[in-house]
Amino acid sequence: MSWLEKIFGSNQPKSAQLAKERLTLVIAHQRSDNQPAPDFLPALQKELIDVISKYVKVNTDDIKVQLEKKGNYEVLEVNIVMPEVGRQ
Amino acid sequence: MTRIVVVTSGKGGVGKTTSSASFASGLALRGFKTAVIDFDVGLRNLDLIMGCERRVVYDLVNVIQGEANLHQALIKDKHCENLFVLPASQTRDKDALTEEGVEKVLNDLKQMGFDYVVCDSPAGIERGAVMALTFADEALIVTNPEVSSIRDSDRILGILQSKSRRAKEGQEAVKEHLVITRYSAKRVDEGEMLSYKDVQELLRVPLLGVIPESETVLQASNAGSPVIHNKESDAAEAYEDLVARFLGETREMRFVSYEKPGILKRIFGGA
């Protein structure tokens with residue numbers, strides 16, 4: 001550090017500011033990763049099976065529930081494979 | 001009502017044990033019957049910081065496995081009337097900590113009329129750390145104003161919010177408190193260290209205390225006496241303020257501002 005810098009301070013970007021910018025990104029990323037969203041999926045799947053089974057005969061495996069992230073929104077996708085007509 | 005408080009951080013070496021020792025001592029000095037438990041099975045250190053390493057006979061794992069009872073294993077602190085230390089095992093595997101076992105120990109401490117049980121967590125996010133936070137009512141998140149410590153604190157917050165008993169059973173969330181240690185107001189002023197406001201903004205946890213970087217912390221651990229007893233030191237006063245705030249008092253943050261030397265001192269007085 002030169003004596004001029006000592007008196008007037010330097011123009012270097014401060015490292016703390018850099019740390020803050022980097023951490024803001026890292027933490028935002030980390031927090032979006034551990035969203036507890038999929039927790040309710042198994043329960044939802046089970047209840048859907050129960051409801052649909054009241055009317056149609058379906059297998060547990062024939063109902064698929066998936067949560068997908070597309071950009072800023074999430075898509076809940078429910079796939080139900082119906083039994084072939086006339087086979088009951 | 002017993003309150004269970006976990007002291008955790010994710011990252012190692014940030015001051016969990018130092019903070020646990022002074023926090024527990026501070027509560028005991030205020031008259032609360034307090035137990036402090038070392039959850040770092042295999043790497044125990046709380047006994048050294050508390051200065052009771054030569055009095056360890058039984059440990060947490062002995063109690064969990066029924067080889068000793070709590071009365072035999074709890075070590076009475078030499079400074080405070082109301083404080084007891086439960087050391088970790090040095091020889092066992094961390095798998096010896098079972099959820100049922102830990103729950104039973106904590107319930108027994110409740111039966112014994114403890115006001116506070118402070119759980120000193122090991123570093124990391126594995127079994128020992130998870131066991132230390134599972135039954136917590138409140139959490140002290142110990143963080144250095146430094147990138148890796150802050151990221152790891154955020155990680156442990158995520159675990160607290162998903163793996164604690166309160167989270168799993170959908171009860172009122174664990175009350176989180178931020179504790180910033182090894183703080184240098186001078187370096188913050190120079191733009192070389194994140195300020196406590198920055199850290200709080202990043203982690204979004206209410207600030208309980210800022211402990212300044214202090215030589216007395218090492219002196220205290222050398223001597224085996226929690227730094228809060230070292231009356232004239234800044235760190236001791238900062239811990240005392242922290243305990244007061246935890247108990248609901250309002251205390252202004254101290255040791256967080258730096259007085260810049262004047263222009264003449266900068267020219268003639270060295271750095």
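Bear in mind these aren't lab numbers, they're just calculated from the coordinates by the rules spelled out. Source: prediction; values computed, not measured. Here the Cβ is made from the backbone with ideal geometry for all residues, glycine too, and neighbour counts use every protein chain on show.
From the gyration tensor of the Cα coordinates in the range B:1-132, what semi-axes in whole Å does the equivalent ellipsoid have, largest first, with each one equal to sqrt(5λ)?
19, 17, 14
Give the residue list of chymotrypsin sites (Phe, Trp or Tyr not before Pro) in the range B:82-133 that are DSSP loop and have at most 12 other beta-carbon atoms within 10 angstrom.
Sites meeting the loop and neighbour criteria: none at all.
Quickly work out the residue B:163-to-residue B:67 label distance, labels modelled 7 Å from Cα along the C-beta direction, and quote it in nm with one decimal.
My value for the distance between the label points is 2.5 nm.
Determine the alpha carbon to alpha carbon distance for each of B:110/B:197; A:46/B:168; B:76/B:168 and list only those over 30 Å.
Those over the limit are B:110/B:197; B:76/B:168.
Taking the radius of gyration and the Kirkwood hydrodynamic radius from Cα positions alone, what is the Rg/Rh ratio for the range B:173-252, to two decimal places?
Radius of gyration over Kirkwood radius for the range B:173-252 works out to 0.99.
Would you mind checking B:78/B:231; B:33/B:163; B:186/B:260; A:64/B:163; B:11/B:104; B:175/B:231 for any pair whose Cα atoms are more than 19 angstrom apart?
B:33/B:163; A:64/B:163; B:11/B:104; B:175/B:231
Could you point to the residue in B:217, B:133, B:161 farthest towards the positive end of the protein assembly as shown's charge dipole, with +1 and -1 charges on the Cβ of Lys/Arg and Asp/Glu respectively?
The one lying farthest along the dipole's positive direction is B:217.
Give, rounded to the nearest 20 debye, the magnitude of the charge dipole that the range B:57-200 has about its Cα centre when Lys and Arg contribute +1 at Cβ and Asp and Glu contribute -1 at Cβ.
60
Residue B:241: net charge of surrounding residues, Cβ under 9 Å, Lys/Arg +1, Asp/Glu -1, itself excluded?
Summing Lys and Arg as +1 and Asp and Glu as -1 gives -1.
Between the range B:75-127 and the range B:1-72, how many Å separate their Cα centres?
6
Decide, for the range B:132-271, between rounded, prolate and oblate: order the square roots of the alpha carbon gyration tensor eigenvalues as a ≥ b ≥ c, take rounded if a/c falls under 1.5, and otherwise choose prolate if a/b is larger than b/c, else oblate.
Prolate is the answer for the range B:132-271, as a/c is 1.5 or above and a/b outweighs b/c.
Between residue A:29 and residue A:14, how many nm apart are label points set 7 Å from Cα along the C-beta direction?
In this crude spin-label approximation the distance works out to 2.5 nm.
Mind listing P(r) for the protein assembly as shown? All alpha-carbon pairs, 10 Å bins, whole percents.
5, 21, 26, 20, 13, 9, 4, 2, 0, 0
So which aspartates and glutamates pass the test for residue A:14, namely a Cα distance under 17 Å, with those fewer than 8 places away in the same chain ruled out?
Cross-link targets: A:5, B:146, B:189, B:190, B:192, B:198.
Based on the alpha-carbon gyration tensor of chain B, what equivalent-ellipsoid semi-axes (square roots of 5 times the eigenvalues) come out, in whole Å, largest first?
Output for chain B: semi-axes of 33, 21, 16 Å.
Using the Cα centre of the protein assembly as shown as origin and beta-carbon charges of +1 (Lys, Arg) and -1 (Asp, Glu), tell me which of A:63, A:83, B:206 is placed farthest towards the positive end of the dipole.
In the protein assembly as shown, that residue is B:206.
With each run of n ≥ 4 DSSP H residues scored as -39500 (n - 2.57), what mean residue ellipticity at 222 nm is computed for chain B after dividing by its residue count and rounding to the nearest 500 deg cm²/dmol?
Helix-only estimate at 222 nm: -11500 deg cm²/dmol.
Where in the range B:132-217 are there GluC sites (Glu not before Pro) that are in a DSSP coil and have at most 10 other Cβ atoms within 10 angstrom of their Cβ?
Answer by residue number: B:169, B:172.
What average count of beta carbons from other chains do you get within 10 Å of the Cβ of residues in A:21-29?
4
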